[in-house]
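Below: one structure, written as structure tokens.
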Amino acid sequence: MSNYKAVVIGGSAGSFALVLKMLSKLRPDFGLPIIICMHRLKHIRSGLAENLAMKSSMKVVEPMDKERIEAGKIYLAPANYHMFIEFDGTISLSTEEMSLQCRPAIDYTLSSAAIAYREKMVGIILTGANEDGAKGLKDVADKKGFTIVQDPATAEVPTMPRAALKLVKPDMVLSPEGILDFLNNLQ
Amino acid sequence: MDFKQFLKEFKNRTQYDFCDYCDSSISRRLQRIVEDTSMSFEQILDKVTVDEGFKNKIVDDITVNTTELFRDPQLWISLYKTHYQKLPKSGTITFWHIGCSVGLETYSNLIMMHQMGLLDRCRSIGTDINPRVLNIARNGEYAYRFNMFFRDNFDAVMKGCGFDAKFEDYFDIDEKADTMRAKPFLLERPKFMVQNLVTDKAPFPYRVDMVFIRNVMIYFNDKLQNQIISMIHSKMYDNAALVLGKQEALTSQMETRFSRMGQYYTKKPSM
């Protein structure tokens, strides 16, 4: 099976439809946990998980605090909580201050995952309207994790991938189709 | 010196015991403090011993002080339809908000009580480890524009409960100063008191009908969670409600003493 233990995806504006599309085309036996941190509008706090669950053959959960991460499940950062990945393979949540006006902050999820998984993870930054996630992806790269940034030319809002490209020289810059191919061919 | 040694020494030098806080989150908080102050653990310890203001700032930075008006509107609507309908029909109703921070949840609950015509029977207590946030809670004044989503939460809850209420019924808004302040009839209700959950018993002699402790125990390890829930349990009437954060659950050791009622728990009557 794969050298990786998890795939961690961050995105904001425009990323929801994109993630839905990607997950609906992911092979059903995808064997890794997928951890997703997406900004959402304050008034759209529910429905994301339900929508994802309808499109995906994998089980979608908004994790409880200290929930154990299992292969083949999709973990979606709950609205209004930061989501951290821990050494012991669990998720912890917090209501700490917002970071770059964001809660959940993609930086926190990616940076904590980088410490927990080191080189055994894939970090992906998708379309989005602010700079959250860039620092986190740099931490992933520094720990030799595999990094992918969505090609800004294909992004609905290119601010987030551009910010990531400023800080990180990722292993790959891909279109959404390219990212999907990459995931489906992960061995 | 690692962060665990720091916490032990911090406990010896102050009255604050953070030793049973959850390792991962407290180590992140401490790392941020070290970065922000550009001081080592040793230097911080030396300074907290002699500088009261600095000590308070460190406590302020270690603890998480988030609260919102009507956080999770769906929860409040479901409380209205369930436990609020079962509150005592006469006499005093006692509410306890633990880790209440700047008091916005305390005021949210009192707004619900006012809508239900129960405000005059309410005894509302907010406790927190941090005296600074309690002063803000007592004053009941908050930034306005930054918190516009409070209005959305408020409207969602009022609509969901079928109440005909306006935000301005409860808050005086000063656009120029960019502040909103709880109206005097709300402000006079709650009592805010310091309580260190690790070391102190409840700082009042009453039993309670409803306890809110939302997104507080996510920062504690299991041992401390069990200790605190036991302390709370002993203060609750039979069938009183315990409300946790949306993504929180009781430890397996504690949950046998409660019944799960969807978004909250009730205390099982003693046999």
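Pick out, from B:5, B:217, A:172, the residue whose Cα sits farthest towards the positive end of the charge dipole of the protein assembly as shown, with +1 on the Cβ of Lys and Arg and -1 on the Cβ of Asp and Glu. Ranked along the dipole, the leading option is B:217. For a paramagnetic label modelled at 7 Å from the Cα of residue A:99 toward its Cβ, which residues of segment B:1-21 fall within the zone defined by backbone nitrogen distances under 12 Å? Within reach of a label on residue A:99: no residues. Per residue, the protein assembly as shown exposes an accessible area of 44 Å² to a 1.4 Å probe, with every protein chain left in place.
Quick one: angle between helix B:104-115 and the longest Cα principal axis of chain B, in degrees between 0 and 90, rounded to 10, please. Tilt relative to chain B: about 10 degrees.
Helix B:3-13 and the longest principal axis of the Cα set of chain B meet at an angle near 80°. Each residue, residue B:32 and residue B:139, gets one label point 7 Å from its Cα in the Cβ direction; the gap between the two is 2.2 nm.
Computed over the alpha-carbon pairs of the protein assembly as shown, the distance histogram in 10 Å steps reads 4, 19, 28, 25, 18, 6, 0 percent, short to long.
Amide H to amide H distances under 5 Å link residue B:122 with B:93, where only residues 5 or more positions off or on other chains count and H is placed in the peptide plane. When only alpha carbons of chain A are considered, Rg and Dmax amount to 14.5, 41 Å. Amide H contacts for residue A:147 (H built 1.01 Å from N in the peptide plane; partners 5 or more residues away or on another chain; cut-off under 5 Å): A:123, A:171, A:172. Using the Cβ-Cβ distance between residue B:56 and residue A:184 with R0 set to 51 Å, the FRET efficiency from 1/(1 + (r/R0)^6) comes to roughly 0.40. Basic side chains Lys and Arg get +1 at the Cβ, acidic Asp and Glu get -1 at the Cβ, and with that the dipole of chain A about its Cα centre reaches some 160 debye.
Would you work out which of B:154, B:129, B:165 lies farthest towards the positive end of the dipole of segment B:118-165? Charges go on Cβ: Lys and Arg +1, Asp and Glu -1. It is B:129.
Measuring nothing but protein heavy atoms, the accessible surface of segment A:40-163 at 1.4 Å probe radius is 52 percent carbon and sulfur.
The relative contact order of segment B:3-62 comes to 35 percent, based on Cα pairs under 8 Å that sit 6 or more residues apart.
Placing +1 on the Cβ of every Lys and Arg and -1 on the Cβ of every Asp and Glu, with nothing else charged, gives chain B a dipole about its Cα centre of roughly 960 debye. For segment B:73-267, carbon and sulfur atoms together expose 50% of the accessible surface, with a 1.4 angstrom probe and every protein chain in place. Ligands, DNA and RNA aside, residue A:54 has an accessible area near 150 Å² when probed at 1.4 Å. Inter-chain neighbour count for B:71-83: the average number of beta-carbon atoms from partner chains within 10 Å of each residue's beta-carbon is 1. The heavy atoms of residue B:174 present about 70 square angstrom of accessible area, all protein chains included, probe 1.4 Å. For residue B:16, no residue 5 or more places off, or on another chain, has a built amide H under 5 Å of its own.
Calculated mean residue ellipticity at 222 nm for chain B: -12000 deg cm²/dmol, from DSSP H runs with n ≥ 4 weighted as -39500 (n - 2.57), summed, divided by the residue count and rounded to 500. Antiparallel as a % of all DSSP beta bridges within the protein assembly as shown, to the nearest 5? Within the protein assembly as shown, antiparallel bridges account for around 35 percent of the total. All Cα-Cα separations within segment B:77-228 were binned at 5 Å from zero, giving a P(r) of 2, 8, 17, 20, 21, 16, 10, 5, 1, 0, each value a whole percent of the pairs. Among beta bridges identified by DSSP and lying wholly in chain B, the antiparallel ones come to about 45 percent. Here the Gaussian network model covers chain B, with springs between Cα atoms less than 10 Å apart; of B:146, B:212, B:258, B:146 fluctuates the most. Which value, in Å² and to the nearest 10, is the accessible area of residue A:156 when all protein chains are kept and the probe is 1.4 Å? Residue A:156 has an accessible surface of roughly 140 Å² with all protein chains in place. In this simple spin-label approximation, residue A:55 and residue B:177 carry label points 7 Å from Cα along the Cα→Cβ vector, and these lie 4.7 nm apart.
The values are calculated or read from the model by the stated rules, or taken from the named source; none is laboratory data. What you are looking at is a predicted structure, and each value in this text was computed from that prediction instead of being measured. Every residue, glycine among them, receives a Cβ derived from its backbone with ideal geometry; neighbour counts consider all protein chains shown. With ligands, DNA and RNA removed, areas are computed over all heavy atoms of the protein, side chains included. Shrake-Rupley method; radii C 1.70, N 1.55, O 1.52, S 1.80 Å.
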